[in-house]
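The values are calculated or read from the model by the stated rules, or taken from the named source; none is laboratory data. Keep in mind that this is a model prediction, so the values were computed, not measured. A quick note on method: Cβ atoms are made from the backbone with ideal geometry, for glycine too, and the neighbour counts reach across all protein chains shown. For accessibility, only protein heavy atoms count, side chains too; no ligands or nucleic acids. Shrake-Rupley method; radii C 1.70, N 1.55, O 1.52, S 1.80 Å.
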Amino acid sequence: MKNLLTDIAGIRVGHADDAKLASGVTAVIFDRPTVAAIDVRGGGPGTREEAALRSESTVETIDGIALSGGSALGLDAAGGVQAWLAEQGRGFRIREAVIPIVPGAICFDLLNGGDKAWGRFPPYRDLGYAAAASAGLDFALGSAGAGMGATTANLKGGLGSASARTRDGIGVAALVVVNAVGSVTVGDGPWFWAAPFEVDGEYGGRGLPPSFAPDMLALRIKGGAATTALENTTLAIVATDAVLTKPQAKRLAVIAQTGMARAIHPVHAPLDGDAVFAAATCERPIDPLFGLTELGMVAANVLARAIARGVYEASRLPFPGALPAWKDRFG
């Protein structure tokens with residue numbers, strides 16, 4: 001296992017980003033139609049095809065997911081992923097018509113110092129196409145793809161991933177874009193809130209502080225009183241090779257949201273657009289009650305780890321006043 005979302009067979013990930021723009025897109029491509037659902041907890045979400053993922057909706061499977069910077073303008077990224085999938089003949093078929101189903105979600109990175117003077121049309125559709133075309137089993141973490149321009153309250157944000165298996169060998173993995181209003185680290189120190197779930201020093205192995213001072217638990221949010229609901233979001237995809245229905249995938253997304261609470265302080269605020277997609281490639285059957293409960297528990301831990309890895313692996317943006325990266329401050 002590579003500790004990546006692509007440890008789930010049948011999933012590929014691609015990035016396309018622009019350093020001058022300080023933004024980008026990440027495309028998750030499923031090699032065959034995949035059961036999926038979404039759970040949104042943030043107060044300021046930006047999503048596409050969210051309704052199609054509801055349990056009562058007709059479409060049972062999807063072909064890809066697009067995560068993007070650019071706020072609402074970045075929703076165009078899913079159109080680029082659709083275009084690439086259409087060229088492969090992928091999509092929901094209605095007689096001779098083929099419609100790729102690509103839900104998406106965005107985060108706000110328009111005020112991070114990058115050049116956003118792109119003219120009439122934003123570049124996210126083209127970035128989405130490029131991300132889909134580049135999808136493979138290996139992909140960069142940190143300041144890459146949709147995580148290129150991400151930030152948190154005190155450090156550069158980024159894109160993270162992690163994976164694990166249940167006791168019965170069911171695979172579960174997460175990919176996260178961390179652009180949270182809150183903080184992923186404790187106080188002014190190097191400790192990650194997700195420290196108890198770390199595996200093999202994947203985000204520095206610093207553990208938790210020996211004690212918690214009141215200041216460590218104080219409110220630390222991006223922009224202080226001037227923060228708006230459009231500036232912050234943590235986007236996540238949790239994938240598994242378990243056999244799940246759409247309602248079960250929804251329950252997996254709900255349980256996995258716990259991982260955000262373990263890794264970000266505060267989380268699910270009116271200022272966030274937090275969303276978790278859950279996708280099941282349906283290779284391995286599980287018990288619908290106890291098996292799904294354990295799968296959700298492991299997914300929450302994996303999601304917390306992916307959030308910490310996204311910040312740990314990030315690099316500072318090369319603009320005046322840019323937030324430091326974790327490695328800039330703590331090595």
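Which residue out of ASP215, ASP188 is in a helix (DSSP H, G or I) and either at pLDDT below 95 or crowded, with 23+ Cβ neighbours inside 10 Å (or both)? Talk me through it step by step, then tell me what you get.
Numbers: ASP188 fails: in a helix (DSSP H, G or I).
Going through ASP215, ASP188 in turn, the sole match is ASP215.
Are there any pairs, at least 6 apart or on different chains, whose C-beta atoms fall under 8 Å, with the first in region 2-21 and under 17 Å from ASN301 (Cα atoms) and assigned to a loop (DSSP other than H, G, I, E, B) and the second hydroxyl-bearing (Ser, Thr, Tyr) and modelled with pLDDT of 95 or more, and if so, which?
Pairs that qualify, where the first residue is under 17 Å from ASN301 (Cα atoms) and assigned to a loop (DSSP other than H, G, I, E, B) and the partner is hydroxyl-bearing (Ser, Thr, Tyr) and modelled with pLDDT of 95 or more, are LYS2/SER163; ASN3/SER161; ASN3/SER163; LEU4/SER161; LEU4/SER163; ILE8/SER163; ILE8/THR240; ILE8/THR281.
Scan (1) in contact with a Pro (Cβ under 8 Å, 6 or more places away or on another chain); (2) surrounded by fewer than 24 Cβ atoms within 10 Å (Cβ to Cβ) for the single condition PRO285 breaks and write down its number.
Checking PRO285 against (1) in contact with a Pro (Cβ under 8 Å, 6 or more places away or on another chain); (2) surrounded by fewer than 24 Cβ atoms within 10 Å (Cβ to Cβ), the one that fails is (1).
Of the conditions (1) assigned to a strand (DSSP E or B); (2) modelled with pLDDT of 95 or more, THR234 fails just one. Which one is it?
Among (1) assigned to a strand (DSSP E or B); (2) modelled with pLDDT of 95 or more, THR234 violates only (2).
For region 252-268, does any single residue satisfy the condition of being more than 30 Å from LYS222 (Cα to Cα), polar (S, T, N, Q) and open to solvent by less than 10 Å² (accessible area, probe 1.4 Å)? So that I can check it myself, show each step before the final result.
In the first step, residues of region 252-268 are kept if they are more than 30 Å from LYS222 (Cα to Cα); the result is none.
Taking every residue of region 252-268 in turn, none turns out to be more than 30 Å from LYS222 (Cα to Cα), polar (S, T, N, Q) and open to solvent by less than 10 Å² (accessible area, probe 1.4 Å).
Just the residues that are part of a strand (DSSP E or B) and open to solvent by 20 Å² or more (accessible area, probe 1.4 Å), please, taken from region 137-177. It would help to see each step written out before you state the result.
Residues of region 137-177 that are part of a strand (DSSP E or B), as a first pass: 142, 151, 156, 158-165, 171-177.
Those that are part of a strand (DSSP E or B) and open to solvent by 20 Å² or more (accessible area, probe 1.4 Å): THR151, ALA164, ARG165.
Checking GLN248 against (1) polar (S, T, N, Q); (2) at pLDDT below 90; (3) buried (at least 18 other Cβ atoms within 10 Å of the Cβ): exactly one of these is not met. Which one?
Answer for GLN248: the failing condition is (2).
Just to check your reading of the model, which residue among ASP328, ASP274 is acidic (Asp, Glu), closer than 15 Å to GLY158 by Cα and open to solvent by less than 40 Å² (accessible area, probe 1.4 Å)? Give the derivation first.
On the way: ASP328 fails: open to solvent by less than 40 Å² (accessible area, probe 1.4 Å).
From the options ASP328, ASP274, the qualifying one is ASP274.
Got a sec? Which of ALA150, ALA164, ALA174, ALA140 is farther than 18 Å from ALA105 by Cβ and in contact with a Lys or Arg (Cβ under 9 Å, 6 or more places away or on another chain)? Outline the logic, then answer.
On the way: ALA150 fails: farther than 18 Å from ALA105 by Cβ; ALA174 fails: farther than 18 Å from ALA105 by Cβ; ALA140 fails: in contact with a Lys or Arg (Cβ under 9 Å, 6 or more places away or on another chain).
Being farther than 18 Å from ALA105 by Cβ and in contact with a Lys or Arg (Cβ under 9 Å, 6 or more places away or on another chain) holds for just one of ALA150, ALA164, ALA174, ALA140, which is ALA164.
For region 109-134, give me each residue that is closer than 12 Å to HIS15 by Cβ, of a type outside the set (A, V, I, L, M) and not in a loop (DSSP other than H, G, I, E, B).
Step one: filter region 109-134 for residues closer than 12 Å to HIS15 by Cβ, giving 127-128, 130-134.
Adding the requirement that they be of a type outside the set (A, V, I, L, M) leaves 128, 134.
The answer is GLY128, and nothing else.
Of all residues in region 78-109, which are within 15 Å of the chain's Cα centre (by Cα) and either within 18 Å of GLY158 (Cα to Cα) or among the acidic types (Asp, Glu) (or both)?
Result: GLY104, ALA105, ILE106, CYS107, PHE108, ASP109.
Every residue in region 191-201 that is surrounded by 18 or more Cβ atoms within 10 Å (Cβ to Cβ) and of a type in the set (Asp, Glu), please.
GLU198, the sole residue that qualifies.
Tell me which of these GLU294 doesn't satisfy, since it passes every other one: (1) open to solvent by 40 Å² or more (accessible area, probe 1.4 Å); (2) over 19 Å from the mean Cα position of the chain (by Cα); (3) at pLDDT 95 or above.
Answer for GLU294: the failing condition is (1).
Tell me whether region 39-52 contains one or more residues that are surrounded by 24 or more Cβ atoms within 10 Å (Cβ to Cβ) and not in a loop (DSSP other than H, G, I, E, B).
Scanning region 39-52 turns up no residue that is surrounded by 24 or more Cβ atoms within 10 Å (Cβ to Cβ) and not in a loop (DSSP other than H, G, I, E, B).
Go through region 306-328 and count every residue that is touching a Ser or Thr at 6+ places or on another chain (Cβ under 9 Å) and either among the charged types (D, E, K, R) or not in a helix (DSSP H, G or I) (or both). Write out each step before concluding.
Restricting attention to region 306-328, the residues satisfying the condition of being touching a Ser or Thr at 6+ places or on another chain (Cβ under 9 Å) are 306-311, 313-317, 322-323, 325-328.
Applying the additional criterion that residues be either among the charged types (D, E, K, R) or not in a helix (DSSP H, G or I) (or both) yields 309, 313-317, 322-323, 325, 327-328.
Within region 306-328, residues that are touching a Ser or Thr at 6+ places or on another chain (Cβ under 9 Å) and either among the charged types (D, E, K, R) or not in a helix (DSSP H, G or I) (or both) number 11.
Could you count how many residues in region 82-123 are open to solvent by less than 30 Å² (accessible area, probe 1.4 Å) and among the acidic types (Asp, Glu)?
Summing the residues that are open to solvent by less than 30 Å² (accessible area, probe 1.4 Å) and among the acidic types (Asp, Glu) in region 82-123 gives 1.
So which of GLY79, GLY74 is under 13 Å from GLY128 (Cβ atoms), in contact with a Phe, Trp or Tyr (Cβ under 9 Å, 6 or more places away or on another chain), of a type in the set (Gly, Ala, Ser) and open to solvent by 10 Å² or more (accessible area, probe 1.4 Å)?
Working: GLY74 fails: open to solvent by 10 Å² or more (accessible area, probe 1.4 Å).
Just a single option satisfies the conditions, and that option is GLY79.
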